[in-house]
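For reference, the structure discussed in these notes is given below.
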Amino acid sequence: MQIIVAAAENWAIGKDGDLLWHLPEDMKFFRNMTTGNVVVMGRKTLDSFPGGKPLKDRRNLVLTQNQKFSREGTQIVHSVEEALEVLKAYEDGQIFIAGGGHIYREFLPFCHTAYVTKVYRKFEADTFFPNLDENPQWELSYQGEMQEWKGISFAFTTYRRK
């Protein structure tokens, strides 16, 4: 399994249920990596998409504690264990954990690769991704070249579990 996330210098990823920035290149990277694959997300992440609609051309696996929740175009699970059981039907490289904060923390122990778009600025936030730079189980294996969009510097990086 793989994680895909965009995180600030302080590992901030969101505030008030929304992203902290909009980087077209990051959205394009996310789309290219996940199209044709499985994306695992929480219900709040699904709700944050335009119209609350699932991502097109991907299998959307949504984790929620709400037993009555349903949404067209998604497969609903109610626990990490249930999600892992469903995911056994897919190749490891086809699975992307796509947020939010709680889902990232729950699935990080099962992942071997983390694609992190690093945003070189600190943001005020209420949702954070675990700091992989301080986690001895993870190492930075790829650092892309610095890019900039509307004054926001960022780079695509890859972390691998040691």
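Of note:
- Taking residues in the range 69-86 that are free of Cβ contacts under 8 Å to residues at least 60 places away in the same chain, and partners anywhere that are outside any helix (DSSP H, G or I) and among the hydroxyl-bearing types (Ser, Thr, Tyr), the pairs with Cβ atoms closer than 7 Å and at least 6 places apart or on different chains are 76/64; 76/70; 78/64.
- Candidate set: the range 88-106, residues that are out of contact with any Ser or Thr (no Cβ under 8 Å at 6 or more places or on another chain) and surrounded by 21 or more Cβ atoms within 10 Å (Cβ to Cβ); chosen: the one farthest from residue 41 (Cα to Cα): 95
- Boolean, residue 62 is within 25 Å of residue 128 (Cα to Cα), touching a helix residue (DSSP H, G or I) at 6+ places or on another chain (Cβ under 7 Å), without any contact (Cβ under 8 Å) to a residue 24 or more places away in the chain and open to solvent by less than 40 Å² (accessible area, probe 1.4 Å): yes
- Meets criteria (in contact with a helix residue (DSSP H, G or I) (Cβ under 7 Å, 6 or more places away or on another chain) and more than 20 Å from residue 14 (Cβ to Cβ)) for residue 80: yes
- Selection from the range 128-150 of residues that are assigned to a strand (DSSP E or B), within 23 Å of residue 100 (Cβ to Cβ) and open to solvent by less than 70 Å² (accessible area, probe 1.4 Å): 138
The values are calculated or read from the model by the stated rules, or taken from the named source; none is laboratory data. What you see is a predicted model; the values in this text were computed from it and never measured. In this analysis, Cβ positions are derived from the backbone assuming ideal geometry, glycine residues included, and neighbour counts consider all displayed protein chains. Remember, those area values only see protein heavy atoms, side chains included, never the ligands or the DNA or RNA. Shrake-Rupley method; radii C 1.70, N 1.55, O 1.52, S 1.80 Å.
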